[in-house]
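The values are calculated or read from the model by the stated rules, or taken from the named source; none is laboratory data. Since the model is a prediction, treat every value here as computed from it, not as a measurement. All Cβ positions, glycine included, derive from the backbone under ideal geometry; neighbour counts span all protein chains shown. Side chains included, ligands, DNA and RNA excluded: accessible areas come from the protein's heavy atoms. Shrake-Rupley method; radii C 1.70, N 1.55, O 1.52, S 1.80 Å.
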Amino acid sequence: AAIGMATLPLGGGPDLPAEALTVVASACRDHRRLRFDYRDHEGEASVRNVEPHRLVLARGRWYLVAWDVEREGWRTFRADRIDLPANARGDRFTPRDPPGGDLAAYVQRGLAQATWRVRTRVVVHAPAEWVAARLPAGTGVVEALDEGRSAFEAGAETPAVLAGYLALLGADFELVGPPEVVRAVGELGDRLSRAANT
């Protein structure tokens, strides 16, 4: 669940020393910008300038949900990949409305998508409400394109698994790449067609 900054328990996980979690928590509470070094999941380093919003505990780790000032968008940072310098806290900022309302669900969706090795954008020939009701939790946001079409991002470990997952939608759909997913869907279609004709 998302943790209110004034009541953040210290030492609440292996990610960071309590002092570092306290700095992040107080920056959220006081609406102070943070500047820190960050390593992504591939080990690439970058300097981030953010407006910290909340700390969220998910899958046994702390995550900072913040507005990335230079990238102009909401980002989730794994706490144990944050390196806070002595002068990390900056100027005050006016808080923004959080993404999606439910921060715990927002982080869980991001974590689910981050583990996908293969991704594709799917345009479904069905209304957004119909599609959203048939997708598993954590799939992401279904975007309404018009009254009869919607879109979402789908992912899986392999193209073949993703093709099987999409076949269960129960509606016509189009794929916006990549070629290996398009090929896997075609191969699955051929296999199903052969099975139906035997």
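Quick rundown of the values:
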{"quantity": "Per residue value of the accessible surface for the chain (all protein chains in place, 1.4 Å probe), Å²", "calculated": "56"}
{"quantity": "Residue-averaged [θ]222 nm for the chain, counting only DSSP H segments that reach four residues, each worth -39500 (n - 2.57)", "calculated": "-9000 deg cm²/dmol"}
{"quantity": "Label assignment, log10 I(q)/I(0) by the Debye sum over Cα atoms at q = 0.09, 0.17, 0.18 Å⁻¹ derived from the structure, set (1) -0.45, -1.08, -1.15; (2) -0.32, -1.18, -1.32; (3) -0.34, -1.08, -1.18", "calculated": "(1)"}
{"quantity": "HN-Hα J in Hz across the stretch 87-97 - Karplus 6.51, -1.76, 1.60, θ = phi - 60°, x for Gly and Pro", "calculated": "9, 5, 6, x, 5, 6, 9, 8, x, 9, 5"}
{"quantity": "Under the Karplus curve 6.51 cos²θ - 1.76 cosθ + 1.60, θ = phi - 60°, whole-Hz ³J(HN,Hα) for the stretch 143-158, x wherever Gly or Pro sits", "calculated": "9, 6, 8, 7, 5, x, 9, 8, 8, 7, 9, 10, x, 6, 6, 9"}
{"quantity": "Per DSSP, loop trypsin sites (Lys or Arg not before Pro) in the stretch 98-198 with at most 16 further Cβ within 10 Å", "calculated": "ARG117"}
{"quantity": "Student exercise, the chain dipole from Lys, Arg, Asp, Glu Cβ charges, in Debye to nearest 20", "calculated": "440"}
{"quantity": "GluC sites (Glu not before Pro) restricted to DSSP loop in the stretch 143-183 with at most 14 other C-beta within 10 Å", "calculated": "GLU147, GLU157"}
{"quantity": "Distance in nm between pseudo-label sites at ARG183 and GLU129 (7 Å out along the Cβ direction from Cα)", "calculated": "4.1"}
